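Chemist: Can you read through this structure? Questions will come right after.
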């Protein structure tokens with residue numbers, strides 16, 4: 001007859017001719033419970049989906065929205081700067097021709113980082129010489145009269161806007177206010193996108209020979225750089 005008073009659990013341990021080790025009684029019961037718990041844990045882990053841990057940069061980037069950031073500033077901060085604090089473009093160009101080192105601090109804005117370009121907020125009126133819409137980087141060409149003669153200026157009308165002169169010309173925007181370079185670059189793109197949306201109706205109506213009024217920004221690394229202006233306000237005749 002089998003001995004029911006004590007159950008036995010055989011475990012392989014017979015290497016090198018050793019006999020099997022047997023556990024019974026309380027020790028066997030404890031081991032059995034441990035095995036059951038381990039099995040349940042293994043089943044639970046198997047049913048879990050392991051997700052990668054996001055880096056701090058990725059998490060911050062998901063929370064930041066450049067378009068929303070620009071939207072909050074546009075009407076209350078950006079437009080007033082361009083509308084009310086713009087210098088006549090003839091004055092600024094004449095000063096640049098005399099020396100960017102002096103014209104920059106007097107009429108422009110530059111971030112604290114060494115080597116950054118000077119950015120200027122300007123306004124003026126001109127006759128449209130040429131309108132280019134064959135490229136996605138559409139432009140309007142004008143001349144600005146200075147003591148040294150006419151200076152060609154290219155006004156960007158999009159939908160592709162090059163550079164970050166609008167972002168960099170705003171005195172209240174500083175790289176140090178952002179988490180990283182990705183956010184700062186996103187703000188630049190958002191500014192350019194907002195410009196395209198704001199001026200679309202006005203620039204669609206522009207034509208060569210037409211007189212326009214404009215206010216906008218441009219950046220220069222040197223006095224010999226060509227002026228590529230990003231308009232914030234633009235319209236026919238004397239209106240913006």
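The values are calculated or read from the model by the stated rules, or taken from the named source; none is laboratory data. All of these numbers come straight from a predicted model, not from anything done at the bench. Quick reminder, even Gly has a Cβ in these numbers, built from the backbone with ideal geometry, and neighbours come from all protein chains shown.
Chemist: Filter region 199-214 down to the residues that are without any contact (Cβ under 8 Å) to a residue 60 or more places away in the chain and either within 30 Å of residue 98 (Cα to Cα) or not in a loop (DSSP other than H, G, I, E, B) (or both) and list them by number.
Modeler: Just the residues of region 199-214 that are without any contact (Cβ under 8 Å) to a residue 60 or more places away in the chain, to begin with: 199-202, 204-205.
199, 200, 201, 202, 204 - these are the residues of region 199-214 that are without any contact (Cβ under 8 Å) to a residue 60 or more places away in the chain and either within 30 Å of residue 98 (Cα to Cα) or not in a loop (DSSP other than H, G, I, E, B) (or both).
Chemist: A further question on this structure: Could you grab me the full set of residues in region 77-114 that are under 25 Å from the mean Cα position of the chain (by Cα) and either assigned to a strand (DSSP E or B) or under 16 Å from residue 224 (Cα atoms) (or both)?
Modeler: Within region 77-114, 108, 109 meet the criteria.
Chemist: Also, quick follow-up: Being more than 11 Å from the chain's Cα centre (by Cα) and either surrounded by fewer than 15 Cβ atoms within 10 Å (Cβ to Cβ) or under 16 Å from residue 65 (Cβ atoms) (or both) is the filter here, so list the residues in region 160-178 that pass it.
Modeler: 160, 162, 171, 172, 173, 174, 176, 177, listed by residue number.
Yes/no matrix, rows are residues, columns are (1) in a strand (DSSP E or B); (2) without any contact (Cβ under 8 Å) to a residue 60 or more places away in the chain:
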| site | (1), (2) |
| --- | --- |
| 150 | yes, yes |
| 183 | no, no |
| 216 | yes, no |
| 232 | yes, no |
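Chemist: Do we find that residue 195 is touching a residue at least 24 places away in the same chain (Cβ under 8 Å) and under 16 Å from residue 226 (Cα atoms) in this structure?
Modeler: Values: touching a residue at least 24 places away in the same chain (Cβ under 8 Å): yes; under 16 Å from residue 226 (Cα atoms): no.
No; evaluated as a whole, the condition is false for this residue.
Chemist: Restricting to region 153-176, and then to whatever is part of a helix (DSSP H, G or I) and farther than 17 Å from residue 74 by Cα, can you tell me which residue is modelled with the highest pLDDT?
Modeler: Taking region 153-176 as the starting set, the residues that turn out to be part of a helix (DSSP H, G or I) are 165-169, 175-176.
With farther than 17 Å from residue 74 by Cα added as a condition, the list becomes 175-176.
Details: 175: 90, 176: 87.
If we take residues in region 153-176 being part of a helix (DSSP H, G or I) and farther than 17 Å from residue 74 by Cα, then 175 is modelled with the highest pLDDT.
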